[in-house]
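The values are calculated or read from the model by the stated rules, or taken from the named source; none is laboratory data. Every value quoted in this text rests on a predicted model; they were computed, and no experiment measured them. Cβ placement follows ideal geometry from the backbone for every residue including glycine, while neighbour counts extend to all protein chains displayed. Quick note on the areas: whole protein, heavy atoms, side chains included, nothing else; ligands and nucleic acids left out. Shrake-Rupley method; radii C 1.70, N 1.55, O 1.52, S 1.80 Å.
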Amino acid sequence: MLVVCTHCKSTNRVPDERLAQDPVCGRCSQPLLGGEPVTLTDADFDAVVGKTELPIVVDFWAPWCGPCRMMAPQFERAAQQLKGRALLAKVNSDDNPRTAARYAIRSIPTLVMLERGNEVKRMSGALQTPQIVGWVAQDR
Ligand SMILES: [Zn+2]
């Protein structure tokens with residue numbers, strides 16, 4: 001399985017059975033799948049999302065959005081629980097208008113699930129950790 005390092009953007013090949021065993025980047029030695037949400041921007045979104053074969057769940061949010069801030073710790077716990085199964089990412093829709101426009105984000109928070117760059121599904125509104133985990137794991 002290919003996973004793009006969110007620190008140095010190099011592509012790493014990780015055997016499926018090692019996904020849950022804290023793989024590190026071959027180039028920069030940072031954790032590839034640390035169980036924490038990663039921050040993506042207009043500048044690196046395509047590089048990470050396009051090549052990573054693990055499902056990616058993007059949380060579109062903004063600092064002024066109360067429900068988004070409420071959901072942040074829930075999203076962090078979900079990232080921990082989904083470690084090795086999905087990469088959870090956050091995109092600040094104010095700072096990254098190109099990515100937000102491409103996915104036609106009209107309300108936040110909105111979660112968009114991507115597989116190899118293609119949208120699989122989305123859901124809007126603030127969610128609790130079990131709802132996020134259940135939604136990601138559903139149909140898989
Ligand atoms: Zn790296």
Item to complete: Please tell me if VAL91 is in contact (Cβ under 8 Å) with a residue 40 or more places away in the chain, in contact with a Ser or Thr (Cβ under 9 Å, 6 or more places away or on another chain) and either open to solvent by 70 Å² or more (accessible area, probe 1.4 Å) or within 20 Å of CYS65 (Cα to Cα) (or both).
Response: yes
Worksheet item: Just wondering, is there one or more residues in segment 70-81 that are touching a helix residue (DSSP H, G or I) at 6+ places or on another chain (Cβ under 8 Å), open to solvent by 10 Å² or more (accessible area, probe 1.4 Å) and either assigned to a loop (DSSP other than H, G, I, E, B) or of a type in the set (A, V, I, L, M) (or both)?
Response: no
Item to complete: Kindly list, by first and then second residue, each pair from a residue in segment 59-82 that is closer than 21 Å to ILE105 by Cα to a residue that is outside any loop (DSSP other than H, G, I, E, B) and basic (Lys, Arg), limited to pairs with Cβ atoms under 9 Å and residues at least 6 apart or on different chains.
Response: ASP59/LYS90; PHE60/LYS90; TRP61/ARG69; TRP61/LYS90; PRO63/ARG69; ALA72/LYS90; PHE75/LYS90
Item to complete: Among the residues of segment 112-127, count how many are modelled with pLDDT of 95 or more and either within 13 Å of ALA62 (Cα to Cα) or in a loop (DSSP other than H, G, I, E, B) (or both).
Response: 3
Worksheet item: Taking segment 7-30 as the search range and keeping residues that are more than 8 Å from the ligand (Cβ to nearest atom) and among the polar types (S, T, N, Q), which one is most open to solvent (accessible area, probe 1.4 Å)?
Response: GLN21
